[in-house]
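Chemist: First, the structure itself, so that you have it in front of you.
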Amino acid sequence: DTEVTQTPKHLVMGMTNKKSLKCEQHMGHRAMYWYKQKAKKPPELMFVYSYEKLSINESVPSRFSPECPNSSLLNLHLHALQPEDSALYLCASSQETGFSIEAFFGQGTRLTVV
Amino acid sequence: DAKTTQPTSMDCAEGRAANLPCNHSTISGNEYVYWYRQIHSQGPQYIIHGLKNNETNEMASLIITEDRKSSTLILPHATLRDTAVYYCIVRVVGWGTQGGSEKLVFGKGTKLTVNP
């Protein structure tokens, strides 16, 4: 199984809502990542988790809150988002973070904030 | 953070080889070059990576110059399904709460269009 599964595929939320994005992998990878991608732009790194601990936060606003409950699961909790946060949110995993890495990406969650 | 330079777009005829260049003049001796591609509305897909020797796999070949300041990704027989944005990435190390973490930082990439 070389899949990274993201749910939901699409999400529409209001600015006062709280929602969560979910990412799952069963490849035994110990590094997991969240990326944000706006239309016609490259993916931008948001967070890196290594061995279930937050390793890197790329100065992401606190309305985005990541969580790694176990080695297979990565969540992104969303609260009080703005319309400009509408984007494709991509999750990725790799075996480790300290070596040359092949990262596997999910298909993303397309988020619309209204 | 992106340390690579790629052409914005390229065209290729179906069945011909697609050669995608990348400049990474500030690359360090122990930094790998990675190539990913992203087909429209999908997540990025790993293609190949290399350090100094040329590499080949079932998808593509990677040619790295001797001074390692540039590389070329070669798709030997491009098909319509190879139409995508191709990203050349050099390893970037970020320092966080768990020490050093290697992270993929995407540049702008090359939009490759394979024409029938």
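Rule-based calculations on the coordinates, nothing more; no lab input. Please read these numbers as outputs of a predicted model, since none were measured by experiment. Because the Cβ atoms are built from the backbone with ideal geometry, glycine has one as well, and the counts that use them run over all protein chains shown.
Chemist: Once the Cβ-Cβ distance between B:Gln42 and A:Lys53 is put in as r, and R0 is 35 Å, what FRET efficiency do you end up with, to the nearest 0.05?
Modeler: After rounding to 0.05, the efficiency reads 0.75.
Chemist: Is chain A best put as rounded, prolate or oblate by its Cα gyration tensor, with a ≥ b ≥ c the root eigenvalues, rounded for a/c under 1.5, and otherwise prolate when a/b is larger than b/c, oblate when not?
Modeler: It comes out prolate by the Cα gyration axes.
Chemist: List the GluC sites (Glu not before Pro) within the stretch B:28-70 that DSSP assigns to loop and that have no more than 14 neighbouring Cβ atoms inside 10 Å. Working shown, then result.
Modeler: Numbers: sites: B:Glu31, B:Glu55, B:Glu58, B:Glu66; in loops: B:Glu31, B:Glu58, B:Glu66.
Here the sparse-neighbourhood loop sites are B:Glu58, B:Glu66.
Chemist: Using only Cα atoms, locate the centre of the stretch B:65-89 and the centre of the stretch A:39-72, then give the distance between them in Å, rounded to an integer.
Modeler: Using only Cα atoms, the two centres lie 28 Å from each other.
Chemist: Which value, in debye to the nearest 20, describes the size of the charge dipole of the protein assembly as shown about its Cα centre when Lys and Arg Cβ atoms bear +1, Asp and Glu Cβ atoms bear -1, and nothing else is charged?
Modeler: 620 debye
Chemist: Separate question: In whole Hz, what ³J(HN,Hα) sequence does the stretch B:106-112 give by Karplus (6.51, -1.76, 1.60; θ = phi - 60°), x for Gly and Pro?
Modeler: Karplus-based 3J(HN,Hα) across the stretch B:106-112 equals 7, x, 7, x, 10, 7, 9 Hz.
Chemist: If R₀ is 22 angstrom, what is the calculated FRET efficiency for the pair A:Glu96 and B:Thr26, using the beta carbon separation as r and rounding to 0.05?
Modeler: Computed FRET efficiency for A:Glu96 and B:Thr26: 0.35.
Chemist: Next question, about the same structure. In chain A, if the dipole is taken from +1 on Lys/Arg beta carbons and -1 on Asp/Glu beta carbons about the Cα centre, which of A:Trp34, A:Cys68, A:Gly14 is farthest to the positive end?
Modeler: My answer, from the dipole projection, is A:Gly14.
Chemist: Separate question: Roughly how big is the stretch A:4-71's charge dipole about its Cα centre, with Cβ charges of +1 (Lys, Arg) and -1 (Asp, Glu), in debye to the nearest 20?
Modeler: 320 debye
Chemist: If each of B:Asn19 and A:Lys40 carries a label point 7 Å out from its Cα toward its Cβ, how far apart are those two points in nm?
Modeler: Roughly 3.0 nm, to one decimal.
Chemist: Still on this structure: Mind listing the phi-derived Karplus ³J(HN,Hα) values for the stretch A:69-85, rounded to whole Hz, using 6.51, -1.76 and 1.60 with θ = phi - 60°, and x for any glycine or proline?
Modeler: Here the 3J(HN,Hα) series is x, 7, 5, 9, 10, 9, 10, 10, 8, 10, 8, 6, 6, 10, x, 6, 7 Hz.
Chemist: I've got another one for you. Under the Karplus relation 6.51 cos²θ - 1.76 cosθ + 1.60, θ = phi - 60°, what is the ordered set of whole-Hz ³J(HN,Hα) values for the stretch B:39-46, x standing for Gly and Pro?
Modeler: Values, residue by residue: 7, 2, 6, 10, x, x, 10, 5 Hz.
Chemist: At 0.36 nm per residue, minus the direct Cα-Cα distance, what do B:Asp67 and B:Leu80 gain on full extension? Give it in nm, one decimal, please.
Modeler: Full extension from B:Asp67 to B:Leu80 adds 1.4 nm.
Chemist: Let me know the shape class of the stretch B:14-116, please: from the alpha-carbon gyration tensor, a ≥ b ≥ c as square roots of the eigenvalues, rounded when a/c is under 1.5, otherwise prolate if a/b is greater than b/c, or oblate.
Modeler: oblate
Chemist: In the neighborhood of A:Leu78, defined by Cβ-to-Cβ distances under 9 Å, what is the net charge if each Lys or Arg adds +1 and each Asp or Glu adds -1?
Modeler: Result for the neighbourhood of A:Leu78: +2.
Chemist: Would you mind telling me which residue in B:Val90, B:Val105, B:Val33 has the biggest mean-square fluctuation in a Gaussian network model of chain B, where springs connect alpha carbons within a distance under 10 angstrom?
Modeler: B:Val105
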